[in-house]
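Note sheet for the following structure.
The values are calculated or read from the model by the stated rules, or taken from the named source; none is laboratory data. Only a predicted model underlies this, so the values are computations on that prediction, with no experimental measurement involved. Neighbour counts run over all protein chains shown; Cβ positions are idealised from the backbone, glycine included. The accessibility values were calculated without ligands, DNA or RNA, using every heavy atom of the protein model including side chains. Shrake-Rupley method; radii C 1.70, N 1.55, O 1.52, S 1.80 Å.
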Amino acid sequence: WLAKFCGVQTETRIIKSKKKKIPDVSKYSEELETLSTACVNYAKSRGINKETLEKANCKTYGHYVALPHMNVEGKLVLLKFWPTNGTKEMWSNPEPIHTLFAKELIDPVVSGGSLIITEGQWDALTWIQYGYPAVSIPSGVNNDQWIEEDWTFLNQFSEIILDFDKDEEGKDAETRVRNRLGYERCRTLRYDHKDANE
């Protein structure tokens with residue numbers, strides 16, 4: 001009735017995200033250890049200090065840095081494993097829920113309603129180390145599932161700064177994300193390096 005009275009088109013269908021089964025990460029989480037010297041040294045080679053890793057609750061899993069992704073309820077739903085030997089042979093637990101990395105560190109009020117979204121966890125850690133409110137998409141620019149998973153979190157911000165890699169895939173992803181999150185609140189960063197961590 002109110003929609004008709006105000007001359008507003010009513011929505012015939014409201015889309016609600018399906019409740020996904022929480023993946024069982026206990027096999028991996030039970031083997032997580034405090035940060036090893038190898039993990040700390042690898043992060044240091046990328047300009048990230050131990051305090052920043054600890055702030056983001058990163059751990060050691062064998063010869064990998066374990067980067068935790070939590071859902072909105074604070075449950076661990078994705079563990080990304082990054083090798084400390086310099087290769088990019090990263091992997092994650094099976095059947096993860098694709099959520100943003102480090103969102104639990106951000107208070108939208110303290111951030112002034114601003115958020116930086118990066119393409120990689122090391123880029124987010126770089127911004128976090130310098131005191132900026134930053135998160136990372138979970139698994140590459142061609143996977144947009146994080147938008148649906150973190151819709152409620154993302155809606156708390158009036159300004160979203162996209163900091164994806166400056167290649168063609170990154171530029172295409174920026175356009176897709178801006179279309180979904182709204183051009184009026186999304187900005188993009190441009191600089192002469194591949195990414196924030198570089």
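List, please: which pairs have Cβ atoms under 8 Å, are six or more places apart or on different chains, and start with a residue in region 102-124 that is assigned to a loop (DSSP other than H, G, I, E, B) and end with one that is polar (S, T, N, Q) and open to solvent by less than 40 Å² (accessible area, probe 1.4 Å)?
Once the first residue is assigned to a loop (DSSP other than H, G, I, E, B) and sits in region 102-124, its partners that are polar (S, T, N, Q) and open to solvent by less than 40 Å² (accessible area, probe 1.4 Å) give A102/Q121; A102/S136; E119/S136; G120/S136; G120/N197.
Looking for whichever is at pLDDT below 95 and touching a His at 6+ places or on another chain (Cβ under 7 Å) here; the options are E149, E73, E168. Which one fits?
Exactly one of E149, E73, E168 is at pLDDT below 95 and touching a His at 6+ places or on another chain (Cβ under 7 Å), namely E149.
Restricting the search to region 151-198, which residues are part of a helix (DSSP H, G or I) and hydrophobic (A, V, I, L, M, F, W, C)?
W151, F153, L154, A173, V177, L181 - these are the residues of region 151-198 that are part of a helix (DSSP H, G or I) and hydrophobic (A, V, I, L, M, F, W, C).
Tell me which residues, restricted to region 53-95, are outside any strand (DSSP E or B) and open to solvent by less than 30 Å² (accessible area, probe 1.4 Å).
If the condition is that a residue be outside any strand (DSSP E or B) and open to solvent by less than 30 Å² (accessible area, probe 1.4 Å), then L53, A56, C58, N71, N93 are the ones that fit.
Cβ contacts < 6 Å: first residue closer than 18 Å to A134 by Cβ, restricted to region 166-190; second residue open to solvent by less than 40 Å² (accessible area, probe 1.4 Å) and part of a helix (DSSP H, G or I), any location; separation 6+ or different chain. Result?
Matching pairs, first to second residue: T188/E174.
Go through region 68-92 and count every residue that is free of Cβ contacts under 8 Å to residues at least 24 places away in the same chain and farther than 18 Å from L35 by Cα.
Qualifying residue count, region 68-92: 5.
Answer yes or no as to whether G47 is open to solvent by 30 Å² or more (accessible area, probe 1.4 Å), out of contact with any His (no Cβ under 7 Å at 6 or more places or on another chain), outside any helix (DSSP H, G or I) and at pLDDT below 95.
Considered against the rule, which asks whether it is open to solvent by 30 Å² or more (accessible area, probe 1.4 Å), out of contact with any His (no Cβ under 7 Å at 6 or more places or on another chain), outside any helix (DSSP H, G or I) and at pLDDT below 95, G47 comes out as no.
Restricting attention to region 98-110, does a residue exist that is under 19 Å from E169 (Cβ atoms), modelled with pLDDT of 95 or more, in contact with a Phe, Trp or Tyr (Cβ under 8 Å, 6 or more places away or on another chain) and open to solvent by less than 10 Å² (accessible area, probe 1.4 Å)?
So far as region 98-110 goes, yes, one or more of its residues are under 19 Å from E169 (Cβ atoms), modelled with pLDDT of 95 or more, in contact with a Phe, Trp or Tyr (Cβ under 8 Å, 6 or more places away or on another chain) and open to solvent by less than 10 Å² (accessible area, probe 1.4 Å).
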